[in-house]
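Only the coordinates and a few stated rules stand behind these numbers; no lab work does. Everything numeric here is computed off the predicted structure, so don't read it as measured data. For neighbour counting, all protein chains shown are included, and Cβ atoms are generated from backbone atoms with ideal geometry for every residue, glycine included.
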Amino acid sequence: MSGLQLRLGELAERLGLVLEGDADLVVSGVAGIEDAASGDLIYVRTEVYAAKIGDSPARAVVAPEGVDVGGRAALRSSDPGRDFYRAARIFVPEPDFAPGVHPAAHVATDARIDPSAHVAAGCFVGAGAEVGARSVLHPGVTLSDGVRVGSDCVLHARVVVAAAARLGDRVVLQPGVVIGGAGFGYTGQEGGGLAKVTDVGSVWIGDDVEIGANSTVDRGTLRDTRIGSGTKIDNLVQIGHNCVLGENCVVVAQAGIAGSTVLEDGAVVMAQAGVTGHLRIGAGAVVGPRAGVHKDIPAGASMLGAPQRDAADFQREVAALRRLPELLKRVRKLERAREEKS
């Protein structure tokens with residue numbers, strides 16, 4: 001996969017894992033169980049996954065302590081997924097980007113670019129903007145006036161950061177992300193029609209945040225929209241103006257969160273869920289896929305359905321619906337029997 005070859009003993013040492021098996025076995029890459037060759041490292045999370053190894057030619061596996069891997073060499077891990085992908089990064093390292101500003105980039109004279117940062121062709125960096133140490137701006141990135149990008153950030157192609165937004169360290173913005181666009185806010189005007197609300201807030205993004213392709217985070221109207229450290233946002237997600245997402249939240253593809261809603265730390269919003277504005281989603285709460293949220297959710301709760309219901313109640317309703325055709329047959333049979341008697 002990468003051309004790199006490592007003795008399994010050396011890989012175990014670099015990962016800090018206990019090795020069971022041949023330390024001199026050479027590993028040349030990583031792969032899924034179905035696609036692995038003899039030189040690939042694979043991983044399993046539990047006995048259930050280990051049973052799927054079968055006749056895989058892979059000779060080395062990352063696995064929990066005590067899980068039978070069929071006589072293969074094993075790197076024992078308390079979190080096999082995490083350690084497997086740490087190994088993957090060894091075999092397929094992040095590309096290196098030469099420090100400096102490409103001649104085809106436009107950088108304002110008063111912008112501050114750390115000498116170790118990389119600014120690719122076609123980028124625009126506005127007046128007073130800042131780019132921190134070792135950060136990478138891929139082709140076509142736009143940083144409007146006053147934007148600040150922290151250290152070790154990666155902004156992929158066609159990212160737009162506006163409204164003097166602030167990005168912390170190690171922020172990753174996938175292609176097409178827009179940070180700081182105008183919120184969806186209007187007021188009535190004399191004579192009819194709608195007038196756009198003037199947005200004066202910005203966007204604040206904490207450390208270690210990742211935002212997926214073509215997602216948007218609107219600027220605040222009067223105060224900043226805020227995304228807490230460690231939060232992960234999938235592709236095609238809309239975060240409305242004035243929203244506050246706490247630390248380590250997860251928002252999955254095609255979800256939409258309307259303005260001024262708060263997600264407390266660790267809250268999860270699953271795919272295609274919709275959350276109306278001015279709500280509070282409690283810490284650790286889970287909003288299920290395609291749920292329609294119209295009122296606050298307490299900490300730790302799980303909700304499904306539209307409108308939202310407690311997940312257990314929703315599942316009971318679905319189970320009851322499955323029985324409905326048979327129940328209708330029984331009702332019709334009873335009605336016919338009554339008619340015959342009469």
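Would you please classify the overall shape of the chain from the alpha carbon gyration tensor, given that a ≥ b ≥ c denote the square roots of the eigenvalues, rounded means a/c under 1.5, and beyond that prolate means a/b larger than b/c while oblate covers the rest?
In terms of gyration-tensor shape, oblate.
Ordered by packing density, taken as the mean number of other Cβ atoms within 10 Å over each peptide's residues, highest first, how do 334-341, 101-108, 282-289 rank?
Ranking, from highest mean packing down: 282-289, 101-108, 334-341.
Just name one of 254, 306, 159: the one whose Cα is farthest towards the positive end of the charge dipole of region 159-307 (beta-carbon charges, Lys/Arg +1, Asp/Glu -1).
Working it through, the farthest residue towards the positive pole turns out to be 306.
Have a look at 108, 215, 78 and report the one farthest towards the positive end of the charge dipole of the chain, computed about the Cα centre with Cβ charges (Lys/Arg +1, Asp/Glu -1).
215
So what's the back-of-envelope 222 nm ellipticity for the chain, counting only DSSP H runs of four-plus at -39500 (n - 2.57) apiece and dividing by all residues, rounded to 500?
My calculation for the chain gives -5000 deg cm²/dmol from helical runs alone.
If you take the square roots of the eigenvalues of the alpha-carbon gyration tensor of region 6-91 and sort them as a ≥ b ≥ c, do you get rounded (a/c under 1.5), prolate (a/b over b/c) or oblate?
Rounded shape, in that the Cα axes give a/c under 1.5.
What whole number of Å gives the distance from the Cα centroid of region 243-291 to the Cα centroid of region 99-157?
Centre-to-centre (Cα) distance: 31 Å.
Residue farthest toward the positive end of the dipole of the chain, with Cβ of Lys/Arg at +1 and Asp/Glu at -1: which of 288, 25, 327?
In the chain, that residue is 327.
Treat every Asp and Glu Cβ in the chain as -1 and every Lys and Arg Cβ as +1, leave all other atoms uncharged, and give the resulting dipole magnitude about the Cα centre to the nearest 20 debye.
The dipole magnitude comes to about 1520 debye.
Give, rounded to the nearest 20 debye, the magnitude of the charge dipole that region 6-91 has about its Cα centre when Lys and Arg contribute +1 at Cβ and Asp and Glu contribute -1 at Cβ.
That gives region 6-91 a dipole magnitude of about 240 debye.
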